[in-house]
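Visitor: I'd like to ask some things about the structure below.
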RNA sequence: UGCCUCGUGGUGUAAUGGUAGCACCGCAGAUUCUGAUUCUGCUUGUUGGGGUUCGAGUCCCUGCGAGGCAACCA
């Protein structure tokens, strides 16, 4: 984030230079607590927090809880948890005990006051058009709208109605408060937008205190202004709302409500950037919620979900996610990122940091017929890219498990793993010569036999002959049975929404989850929940944060290793 | 057919009137006790047409294409 001089950074730089920030850049991340945050939000988090950090300012976490119907405490708490996990900390004054933390709902009193001010100034009025009528009066983008019959109600009367709205005298939808702007504006949002609506719904944070709630377009600029936010960054679809945002800020300015800092009146400004899209996934909260409620996935934290909690459970690291957000960049172009970049980011980190272990996830037994004695311990580095990670000792014996895919009875060309008559190195142990295999009644390989070269202990031949193939293994006598969950992309289609939001389910990948039972080296049983490893030659795996235990190990595949072996090529 | 925004390799993103660069992906090759990593090399690009300029991805006009806006959602 330090070197990327994208347009938002340049915009802020200019304001800092001009001195309009009062000496402090203040941003905010304003999620609505109506769902779990996903990788798309993570990008916004990186931008909002990242810009504040880059300019030595502060970023507020503000729950934009102005629509009680969809919001809950569970969502609120998990949003906070996920942002912290990503590695960001909100700062600033805060509207309660917690620094940097705000609830839009804590500003409802103030917003109500501002609404009354607007009414007094003749800039807002109460309207009792039905929603259908309102729609008709508003007109269409190509044609101007018509004024509401209530448009010229005197302020005193409007005040009466508005207070009655607040006091619960009316039913939902009976009245609303609208700004008086311009019914002929080419920008629909200027055609006397609704500021307050009646909702007889308890708020998760304030309970029954209110039965009228402010709309986003009214609430957001007030929140920004009163918090002293200087730079308010959001996604592209809010671009057409910007004139309205500025209109509200102008009204606040007239009311003398703008915060002053360092002798400067702080006028919050909004700018918009493109949201993150990733192919082969969906990023809409509504659709993710649908996957959860219809039990197409195991929950918000299902490792196949693009949610932050899902990715955490999948084994992604905060740094890799941040790196990804960094690399996709910030612009106004609507684009679709390739999940391969995300995978590259996580491999890049885990290659440096993850300890190596051996696991066999599709086991077939190998018997070393000339094995002659007790266990020979194998010593292998924990991480060849990091000597400081040390070594570990693994038991090795007469019978071992190897991957079924590492054996071919009749090898294809360029296959340099195990096959009858061929030599292969057993990682860290010795050179093994396969002599044959036995099959079960179905013709499936049941057991592979061979002999080991006693002069090759440690892995290299005493006569210097080269053995191209090295395969991993787990000792049958000491290996631990484990559940391994293999994940692939949730959707087979690049754009699951290509047939509209209704059709996305039909593109779900039936093989997005495969659960297998394998064997892992003994050390892995004591893995901590959430601990990440590289299973050599297979990929990066994490001990499941919920289900893993020493007596019943469970590992999730985060991402496979790159594999340039092309069978049959 | 109103208003707003955006068009640079397959993907993402730089170049802010002066050599179109970087990364991912892909493809070769080298190294390798992980077909991983590492290293080297390669393929592929400025939406069309005009104009301004010594010089245009960049500025202007115009066409084409994409997206957003008509919830009492955010």
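Visitor: Here are some conditions: (1) assigned to a loop (DSSP other than H, G, I, E, B); (2) without any contact (Cβ under 8 Å) to a residue 60 or more places away in the chain; (3) surrounded by 22 or more Cβ atoms within 10 Å (Cβ to Cβ). Residue A:5 meets all but one. Which one does it not meet?
Guide: (3)
Visitor: Which pairs turn up if I take residues in region A:47-73 that are closer than 11 Å to residue A:233 by Cβ and look for partners that are outside any helix (DSSP H, G or I) and at pLDDT below 95 with beta carbon separation below 7 Å, at least 6 apart in sequence or on another chain?
Guide: The qualifying pairs are A:50/A:1.
Visitor: State the number of residues belonging to region A:204-221 that are in contact with a strand residue (DSSP E or B) (Cβ under 8 Å, 6 or more places away or on another chain) and closer than 21 Å to residue A:165 by Cα.
Guide: Of the residues in that region, 10 qualify.
Visitor: Is it the case, given these coordinates, that residue A:482 is in a loop (DSSP other than H, G, I, E, B), in contact (Cβ under 8 Å) with a residue 60 or more places away in the chain and within 42 Å of the chain's Cα centre (by Cα)?
Guide: Considered against the rule, which asks whether it is in a loop (DSSP other than H, G, I, E, B), in contact (Cβ under 8 Å) with a residue 60 or more places away in the chain and within 42 Å of the chain's Cα centre (by Cα), residue A:482 comes out as no.
Matching residues to (1) more than 10 Å from RNA strand B (Cβ to nearest atom); (2) assigned to a strand (DSSP E or B):
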{"residue": "A:401", "(1), (2)": "yes, yes"}
{"residue": "A:414", "(1), (2)": "no, no"}
{"residue": "A:420", "(1), (2)": "yes, no"}
{"residue": "A:433", "(1), (2)": "yes, yes"}
{"residue": "A:438", "(1), (2)": "yes, yes"}
{"residue": "A:442", "(1), (2)": "yes, no"}
{"residue": "A:446", "(1), (2)": "yes, yes"}
{"residue": "A:463", "(1), (2)": "yes, no"}
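Visitor: What number of residues in region A:100-126 are more than 17 Å from residue A:244 (Cα to Cα), within 12 Å of RNA strand B (Cβ to nearest atom) and in contact with a helix residue (DSSP H, G or I) (Cβ under 7 Å, 6 or more places away or on another chain)?
Guide: Counting residues in region A:100-126 that are more than 17 Å from residue A:244 (Cα to Cα), within 12 Å of RNA strand B (Cβ to nearest atom) and in contact with a helix residue (DSSP H, G or I) (Cβ under 7 Å, 6 or more places away or on another chain) gives 2.
Visitor: For region A:369-380, how many residues meet the condition of being more than 16 Å from RNA strand B (Cβ to nearest atom) and surrounded by 15 or more Cβ atoms within 10 Å (Cβ to Cβ)?
Guide: Matching residues across region A:369-380 total 1.
Visitor: Being within 15 Å of RNA strand B (Cβ to nearest atom) and either surrounded by 15 or more Cβ atoms within 10 Å (Cβ to Cβ) or farther than 30 Å from residue A:525 by Cβ (or both) is true for just one of A:307, A:293, A:281, A:317. Which residue is that?
Guide: Result of the check over A:307, A:293, A:281, A:317: A:281.
Visitor: So, of the residues in region A:209-233 that are free of Cβ contacts under 8 Å to residues at least 60 places away in the same chain and under 27 Å from residue A:91 (Cα atoms), which turns out to be surrounded by the fewest Cβ atoms within 10 Å (Cβ to Cβ)?
Guide: A:217
Visitor: In region A:335-360, which residue that is closer than 21 Å to residue A:44 by Cα and in contact with a helix residue (DSSP H, G or I) (Cβ under 7 Å, 6 or more places away or on another chain) is farthest from RNA strand B (Cβ to nearest atom)?
Guide: Applying the filter and picking the extreme gives A:346.
Matching residues to (1) more than 22 Å from residue A:292 (Cα to Cα); (2) out of contact with any strand residue (DSSP E or B) (no Cβ under 8 Å at 6 or more places or on another chain); (3) surrounded by fewer than 16 Cβ atoms within 10 Å (Cβ to Cβ):
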site: A:28; (1), (2), (3): yes, no, no
site: A:52; (1), (2), (3): yes, no, no
site: A:60; (1), (2), (3): yes, no, no
site: A:64; (1), (2), (3): yes, yes, no
site: A:79; (1), (2), (3): no, no, no
site: A:84; (1), (2), (3): yes, yes, yes
site: A:91; (1), (2), (3): yes, no, no
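Visitor: Restricting attention to region A:116-154, which residues are touching a strand residue (DSSP E or B) at 6+ places or on another chain (Cβ under 8 Å) and not in a loop (DSSP other than H, G, I, E, B)?
Guide: Hits for region A:116-154 are A:118, A:119, A:124, A:125, A:126, A:127, A:134.
Visitor: Can I ask one more? Under 8 Å between Cβ atoms, at least 6 apart or on separate chains: pull out the pairs that start in region A:416-435 with a residue that is over 18 Å from residue A:455 (Cα atoms) and modelled with pLDDT of 95 or more and end on any residue that is within 10 Å of RNA strand B (Cβ to nearest atom) and part of a strand (DSSP E or B).
Guide: Close Cβ pairs satisfying both conditions: A:417/A:424; A:417/A:471; A:418/A:424; A:418/A:471.
The values are calculated or read from the model by the stated rules, or taken from the named source; none is laboratory data. These numbers come from a predicted model, not from an experiment. As a convention, Cβ positions derive from the backbone with ideal geometry for all residues, glycine included, and neighbour counts pool all protein chains shown.
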